[in-house]
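K.L.:
Pasting in a structure now, in structure tokens, and then I'll have a few things to ask.
The values are calculated or read from the model by the stated rules, or taken from the named source; none is laboratory data. No experiment lies behind these values; they were computed from the predicted model shown. All Cβ positions, glycine included, derive from the backbone under ideal geometry; neighbour counts span all protein chains shown. Note: areas computed on protein heavy atoms with side chains; ligands, DNA, RNA excluded. Shrake-Rupley method; radii C 1.70, N 1.55, O 1.52, S 1.80 Å.
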Amino acid sequence: MCIRDRPKKMERWGLDEAFIEVSERIKSGIHPVELARKIKEEIWQKVHLTCSIGIGPNKQVAKIASDFQKPDGITYVPPEQVQAFLNPLPVDKIIGIGPKMKKVLNEKLNIKTIADLAAFSPTKLNELFGKLGIYLHNVARGIDNTPVREGYKRKSLGSEITFEQDVEDFRTIYKALEILVDKLHKSLVKNNYLYQTIVIKIRFENFDTFTRQKKLKTPTNDKKTALKIGKQLLKEFESDPKKVRLLGFRFTALSKEKYRQKTLFD
């Protein structure tokens with residue numbers, strides 16, 4: 001549960017998780033833990049399932065807290081205890097830090113705990129990871145202004161490949177692009193989406209990171225077009241002597257297929 005100065009909302013998170021904005025209920029006088037108990041009781045009465053609930057002043061803290069007493073507990077982190085709660089935890093407890101980023105943080109930057117991340121230079125994190133670095137640094141200090149988004153509409157589909165060894169041969173880069181496009185196109189079609197903008201991301205061995213994008217005149221779900229544009233956007237980097245560490249691809253400006261403009265061939 002996320003306690004903030006906003007009306008009650010619920011955001012689904014995966015198959016069996018959700019964020020609930022409960023600030024107004026707390027203002028009315030009910031204690032957060034008591035509210036959590038009521039929610040657990042109602043879930044048990046209706047579907048006979050246990051659940052764990054994390055309570056905090058923002059989504060990141062609430063999500064981390066929810067993992068503490070699974071499968072049937074309540075963990076409450078009041079605002080004044082957030083930093084003490086976060087500091088000793090491993091850095092990958094933060095949403096958005098997966099195994100690959102954890103490895104970079106641990107081995108390259110000696111960032112092992114959330115306290116280490118909070119103490120690290122935000123300027124350096126921005127240089128290495130862009131806006132994500134600043135966001136993660138804020139989260140490590142207990143700051144997360146991400147709202148609970150009810151009825152959230154997906155705006156993009158993306159994925160990245162971090163190579164086990166930095167890559168010099170651009171034929172390998174283009175092969176990785178094909179894998180990303182194929183993977184994301186399947187998800188695009190499965191969810192009945194069209195895209196209008198293609199974005200590629202490339203990171204070199206020294207962590208220099210670049211993005212390039214191209215917007216189409218009309219939305220489409222054509223796989224060949226996506227791959228062609230992706231290759232065009234990558235081409236400017238072929239002559240760079242540095243090895244490539246990461247490649248990312250993203251479909252953005254998504255819309256549902258029913259809004260697609262018909263052509264003469266439809």
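K.L.:
Roughly speaking, to the nearest percent, how much of the chain's 1.4 Å accessible area is carbon and sulfur?
P.N.:
Working: 8120 of 15880 Å².
Here carbon and sulfur together make up 51 percent of the probe-accessible area.
K.L.:
Could I ask something else about it? Rounded, prolate or oblate, given the Cα gyration tensor of segment 86-174, with a/c below 1.5 counting as rounded?
P.N.:
Cα axes put segment 86-174 in the oblate bin.
K.L.:
Magnitude of the Cβ-charge dipole of the chain, K/R +1 and D/E -1, about the Cα centre, nearest 20 debye?
P.N.:
Values: 51 positive and 33 negative charges, 228 e Å.
Value, rounded to 20: 1100 debye.
K.L.:
Taking Cα pairs under 8 Å and at least six residues apart, what relative contact order does the chain come out at, in percent? Don't jump to the answer; show the numbers that get you there.
P.N.:
On the way: 430 pairs, mean separation 41.0, N = 266.
With pairs under 8 Å counted, the relative contact order is 15 percent.
K.L.:
Counting heavy atoms of the protein chains only and a 1.4 Å probe, report the per residue accessible area for segment 143-195 as a whole number of Å².
P.N.:
On the way: 3390 Å² over 53 residues.
Per-residue accessible area for segment 143-195 comes out at 64 Å².
K.L.:
What shape does segment 25-72 have by the C-alpha gyration tensor, where a ≥ b ≥ c are the square roots of the eigenvalues, rounded means a/c under 1.5, and otherwise prolate means a/b greater than b/c and oblate the rest? If you can, show how the numbers build up before the last one.
P.N.:
Details: a/c = 2.70, a/b = 1.13, b/c = 2.38.
It comes out oblate by the Cα gyration axes.
K.L.:
The list [x] 20.0, 71; [y] 21.7, 64; [z] 20.4, 63 gives values of Rg and Dmax of the Cα atoms in Å, and only one came from this structure; which label was calculated from it?
P.N.:
Only one listed value fits the structure, namely [y].
K.L.:
List the GluC sites (Glu not before Pro) in segment 206-260 that DSSP assigns to loop (not H, G, I, E or B) and whose Cβ has at most 10 other Cβ atoms within 10 Å. Which are they?
P.N.:
On the way: sites: 236, 238, 257; in loops: 238.
Loop-located and lightly packed - 238.
K.L.:
Using Cα pairs closer than 8 Å and at least 6 residues apart in sequence, work out the relative contact order for segment 35-100, in percent.
P.N.:
Normalised by residue count, the contact order of segment 35-100 is 25 percent.
K.L.:
May I ask you to give the solvent-accessible area per residue for segment 28-73, in square angstrom, as obtained with a 1.4 angstrom probe?
P.N.:
Numbers: 2490 Å² over 46 residues.
Ligands and nucleic acids excluded, the figure is 54 Å² per residue.
K.L.:
Here's something else I'd like to know. Skipping prolines and chain starts, which residues have an amide H placed within reach, meaning under 5 Å, of the one on residue 111, given they are 5 or more residues away or on another chain?
P.N.:
Excluding prolines and chain starts, which carry no amide H, the hits are 106.
K.L.:
For the chain, what is the percent of antiparallel DSSP beta bridges, rounded to the nearest 5?
P.N.:
85 percent
K.L.:
Just to check I understand the Karplus step: with θ = phi - 60° and J = 6.51 cos²θ - 1.76 cosθ + 1.60, what whole-Hz values come out for segment 74-90, glycine and proline as x?
P.N.:
Each residue of segment 74-90 in turn: 10, 10, 10, 10, x, x, 6, 10, 4, 5, 5, 5, 6, 3, x, 6, x Hz.
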